[in-house]
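What follows draws every value from the coordinates through simple rules; no lab data is involved. Bear in mind the structure is a predicted one, so any value in this text is a computation, not a measurement. So basically every Cβ, Gly included, is an ideal-geometry build from the backbone, and we count neighbours across all protein chains shown.
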């Protein structure tokens, strides 16, 4: 950590130590869960404030700033986040004051052993075990049957994808949704069903995986029985290359349509408020063409995208709002969008064809409408009038 070119503190993190019984008891996981999820715990191995630096509360500030970004850094570098971070404090020399000020919890002491290449040796130097949960309910997440990557954004804004509660077959089942998509692969050497690979890929992405490798890691953490339910032969997970090669050959818009229809059905009871927003796809700019523009419909509370279309070069967002709601039942929902969509045709489409309501802003450049609204008697729109 530096300030104006001057080093203030050095903080190091690594993977956690395997044999810490007090931590394992505190989490409450079994050996199988520990084997699969141990990588989600980091160890603070080094914490040093430079000797010449004398700033009040600097230690707790530096530590807090580092732990805030720790999950994101692990994700970028290794493809997965961390849920817990732990450290050992030599109680003969330190009290762990800076850690405790940042919300770290003292869960006990080590056994007083040290590890060498030939085994463990008792030294009698017991250390405090301090742990900090980087996300809410991380202990429960580490013990769950299925993995989840809800680590970086507030949990209340995300729907947790509980694989054990999902229906895979039947009319609204996840596998059935993808059965209508044509498989681009030939029959030779095809180990996994298209619907199975698509299903786990979607669930992994909804759980936070953002790369092919991340999808593979997420799938491998699913239990054998769950993989069998998803129609993987002998409960064997697909490799990263199998996932990547199939997804790269599919029609993205067709997959999007199927996924968003399925999502809308799963979240039917919470389609209260939907935001329409345009975005530029990061990294899509090329010399001979503009960056890819997308128009998305996002659930306000959950932050889930339920529909998305590309805005082609020779058009704009306005007519595309009809496309994103084409296959989704939004009756009774409230649609919000920016002033670009404050159009008579859009309002008529939402009310008359989709049975939805809307909240659109009006700017001064929409002169006629802006003046008409300002001329209205506000008393006529008081809450008591309805």
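Just a few scattered comments:
- Principal semi-axes in Å for the range 155-250 [√(5λ), Cα gyration tensor, largest first]: 20, 16, 14
- As a rough guide to protection, the peptides 347-354, 292-299, 121-128 ranked by mean Cβ packing within 10 Å, highest first, stand as 292-299, 347-354, 121-128.
- Distance (nanometres) between label positions extended 7 Å along Cα→Cβ at residue 32 and residue 73: 3.5
- Label-to-label distance, residue 329 versus residue 251, with points set 7 angstrom from Cα along the beta-carbon direction: 2.5 nm.
- Cα gyration tensor, the range 50-91 - rounded (a/c under 1.5), prolate or oblate: prolate
- Principal axis extents of the C-alpha atoms in the chain (largest first, rounded to whole Å): 80, 62, 51.
- Global form of the range 2-143, assessed from the alpha-carbon gyration tensor, a/c cut-off 1.5: oblate
- Protection proxy ranking, highest mean first, for peptides 130-142, 18-30: 130-142, 18-30, where packing is the per-residue count of other beta-carbon atoms within 10 Å, averaged.
- Potential lengthening of the chain between residue 22 and residue 118 amounts to 32.2 nm, from the contour at 0.36 nm per residue minus the alpha-carbon distance.
- Among beta bridges that DSSP assigns inside the range 11-102, antiparallel share in %, nearest 5: 60
- Of all DSSP-defined beta bridges confined to the chain, some 80% are antiparallel rather than parallel.
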